[in-house]
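Chemist: Here it is: the structure, laid out below.
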């Protein structure tokens, strides 16, 4: 049975295809359209999924959308009615879109299928936003039984939900509804500190260790009440997201004594302290919720999803506290993961199919995107007049580890692209973690991004405990851990001596694992910087053409693209367009 | 604007301006009472604001108003029809579905008041189904 899940029309649209419960393909539309956070119908992602499965759209047994549009509309309408006349600006912005398009989502989706695939689906199914999140994390997890916690901004009504997953079943337990939302609270502070909502949250998280949490008590006194039962209550009079087009309002600004930071202004200590404070509050709220669900379910395993589940600092703290013996988090925890969750939810809960549990998890390392043939890569290299060579596996690893040990920056394009926001060693930029200057070189010359942003390390899973303190597998870069020897790896050690580490297993990424081994043989330490293969504002590269363009137009030293290797020094004739990265809207 | 005579008859304005005003006064009074009640229940000036707006239109913009005097009669008819239609809709939406108003009132509590500030809601009864859009 083949099921296509789709998520779109809000942000970061995606498609996922499962066949008899096995995840065949999943990808975000932005990677193909090259528009960051693209929210349009994921025609290109669907096309890829079908190609990967070698089927046509007519072969798909069910198409399922990740949320229920009418429930979402009900929430939006009731919000307007409850806040009128204050929300008039927001009302006038949202209503035309809803009345003209989104309320007809079923026919709109059918029209899109007809337009893009000359196919008119007889039926489209609709999951629920938090059900899709819950299914996306429990069903691929390695657990037979687990508590499931979903925390995000908002879907239909729910902003936080608790579930119990057992076998092929998933049962709701409790939820917290809009307007009380940890995701929206964090998004409000993201906006306040000058970052974009739905993309800048991880910047706020990265900024937090630079500040002191001196506003944490103020936030808890005025903005959010954290209850002992795990629930939380927001004083909505401080927030603009209910009745305005901005997240904060004058009352919020008066409370902190300053207005929101302009996106490209210098970052001063005040906003660093604000970032540190909201992180402390979020940590406490997540811990409270985890304790509550532990009491309610009594199980040893926890699965998490939703945008807030991408907050590695909270996750790291949760793991450290040991409330649950095991924690597994969906790597595509944002709305893009809803596409996969919707497909899995209908397969197990509607069609009542059996579930086979993979003890390693069923996400295949999140390498669910496209891979490219030798001819396609060669064509892209030749098109750009690049001098390149082809290597055997052994020679490639030797050459790459040599370059890295010489402090060169390497573009690493190998195998299937990742699904979700993180680059996990398929579309990555790799560099030496021991060079103290590497962080600023990468931030300013390769990524063109803010200088405070940290870089994540990768390490073989067997070497993990040698360098990092957290005793937990971290294959999807979803937990921060304390660095044991902070002076050894300054490029990946953050202000608070933590790192958002990714462990690499040979089972899931053999070539990257072997590269780390080869690098360790040369330098004595098998740890590298792993950052996404893109520049600021650009979606992570997808095709060889995208990778080559990024390689040529940045200060990257070498590019390893499958078995091909390109060295910048060997290509002095290549002209770099210094304004190339300006085409991407800053995130 | 002699062409206005038939519509004036329709509204009895020719017979007695006071008579027409009395009817309007009663409508306005009832509207204000209802809208005021709803406004106070919902802690919002929005219903009463809309009500007053329409009352102003019907009460002050009589056929003798300069606005209509300088227009042809059919513009007036269209305008008054829309006006009455809007008033009817207002009454329909604000008075008839009392349950809806009560629901709004309850939601209002969720949005702003919520005295105990406990927001966990049991969702175990929630039906997981995929056929519907809601």
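Chemist: Rounded to the nearest Å, what's the spacing between the alpha carbon centres of segment A:565-580 and segment A:429-494? Just the number, please.
Modeler: What the calculation gives is 27 Å, centre to centre.
Chemist: Order of A:508-515, A:257-264, A:102-109 by packing, highest average Cβ count within 10 Å first?
Modeler: Values: A:508-515: 21.4, A:257-264: 12.4, A:102-109: 16.4.
Those peptides, ordered most packed to least, come out A:508-515, A:102-109, A:257-264.
Chemist: When only alpha-carbon atoms are used, what values of Rg and Dmax, in angstrom, describe segment A:334-438?
Modeler: When restricted to the Cα atoms of segment A:334-438, Rg and Dmax are 19.0, 55 Å.
Chemist: Counting only helical runs of four or more DSSP H residues, what would the 222 nm mean residue ellipticity of chain A come to if each run contributes -39,500 (n - 2.57) and the total is spread over all its residues? It would help to have the intermediate numbers written out before the result.
Modeler: Values: 18 runs with 194 residues, N = 587.
Estimated from H runs of four or more residues: -10000 deg cm²/dmol.
Chemist: At 37 °C and 0.692 mPa s, grab the translational diffusion coefficient of segment A:371-431 from Stokes-Einstein with a Kirkwood Rh over Cα pairs, rounded to a whole number in µm² per second. List each step's numbers first, then the result.
Modeler: Numbers: Rh = 13.1 Å.
Estimated diffusion coefficient is 251 µm²/s.
Chemist: What does the C-alpha gyration tensor say about the overall shape of segment A:3-99? Classify as rounded when a/c is under 1.5, otherwise prolate if a/b is larger than b/c, or oblate. Please list the in-between numbers first.
Modeler: On the way: a/c = 3.68, a/b = 2.24, b/c = 1.65.
In terms of gyration-tensor shape, prolate.
Chemist: If you count, for every residue in A:72-83, the Cβ atoms of partner chains within 10 Å of its Cβ, what is the mean? List each step's numbers first, then the result.
Modeler: Values: counts 2, 2, 1, 1, 0, 0, 6, 2, 0, 8, 12, 5.
Partner-chain Cβ atoms within 10 Å, mean over residues of A:72-83: 3.
Chemist: Any idea what diffusion coefficient segment A:451-566 gets from Stokes-Einstein, in µm²/s, Kirkwood Rh on alpha carbon pairs, 20 °C, 1.002 mPa s?
Modeler: D, rounded to a whole number, is 140 µm²/s.
Chemist: Right, here's the next one. Within a 10 angstrom radius of the beta carbon, how do A:112, A:475, A:221, B:121 rank from fewest other beta carbons to most?
Modeler: A:221, B:121, A:112, A:475
Chemist: Among A:296-302, A:89-95, how do they line up from the highest to the lowest mean number of other beta-carbon atoms within 10 Å? Working shown, then result.
Modeler: Details: A:296-302: 17.9, A:89-95: 15.0.
With the highest mean Cβ count within 10 Å placed first, the list reads A:296-302, A:89-95.
Chemist: For a test of the definition: using alpha carbon positions, the gyration tensor, and the 1.5 limit on a/c, classify chain A as rounded, prolate or oblate.
Modeler: On the way: a/c = 1.44, a/b = 1.21, b/c = 1.18.
Verdict is rounded for chain A.
Chemist: Using a Förster distance of 41 Å, how high is the FRET efficiency between residue A:373 and residue A:487, based on the Cβ-Cβ distance and rounded to 0.05?
Modeler: Values: r = 45 Å, r/R0 = 1.09.
The formula returns an efficiency of 0.35 here.
Chemist: Taking only Cα atoms of segment A:117-267, what ratio of Rg to Rh do you get with Rh as the Kirkwood inverse-distance radius?
Modeler: Details: Rg = 18.6 Å, Rh = 17.7 Å.
Using Cα coordinates only, the ratio equals 1.05.
Chemist: Simple spin-label model, 7 Å along Cα-to-Cβ: residue A:245 to residue A:326 in nm?
Modeler: Taking the two extended label points, one gets 4.9 nm.
Chemist: I'd like the mean, over residues of A:33-42, of how many other protein chain beta carbons sit within 10 Å of each residue's own Cβ.
Modeler: On the way: counts 0, 0, 0, 0, 0, 0, 0, 0, 0, 0.
Average neighbour count from other chains, rounded to a whole number: 0.
Chemist: Listing A:468, A:497, A:70, B:130 from the residue with the fewest other Cβ atoms within 10 Å to the one with the most, what is the order?
Modeler: Numbers: A:468 24, A:497 13, A:70 16, B:130 21.
Ranked by crowding around the Cβ, least crowded first: A:497, A:70, B:130, A:468.
Chemist: A further question on this structure: Between segment A:232-284 and segment A:380-425, how far is it from one alpha carbon centroid to the other, in angstrom?
Modeler: So the separation of the two Cα centres works out to 41 Å.
Chemist: Here is a follow-up. By counting other Cβ atoms within 10 Å of each Cβ, how are A:32, A:519 ranked from fewest to most? All intermediate terms of the calculation are to be shown ahead of the outcome.
Modeler: Details: A:32 21, A:519 25.
Listed from fewest to most nearby Cβ atoms, that is A:32, A:519.
Chemist: According to the square roots a ≥ b ≥ c of the eigenvalues of the Cα gyration tensor, what is the shape class of segment A:75-151, taking rounded for a/c under 1.5, prolate for a/b larger than b/c otherwise, and oblate for the remainder?
Modeler: On the way: a/c = 3.81, a/b = 1.23, b/c = 3.10.
Since a/c reaches 1.5 but b/c is at least a/b, the shape of segment A:75-151 is classed as oblate.
Chemist: How many partner chain Cβ atoms sit within 10 Å of a residue's Cβ in peptide A:232-240, on average, as a whole number? Mind showing how you got there, number by number?
Modeler: Values: counts 4, 5, 3, 3, 4, 1, 0, 0, 0.
Rounded to a whole number, the mean comes out at 2.
Values in this text are rule-based calculations from the coordinates and carry no lab data. The model shown is predicted, which means the values in this text are computed figures rather than measured ones. A quick note on method: Cβ atoms are made from the backbone with ideal geometry, for glycine too, and the neighbour counts reach across all protein chains shown.
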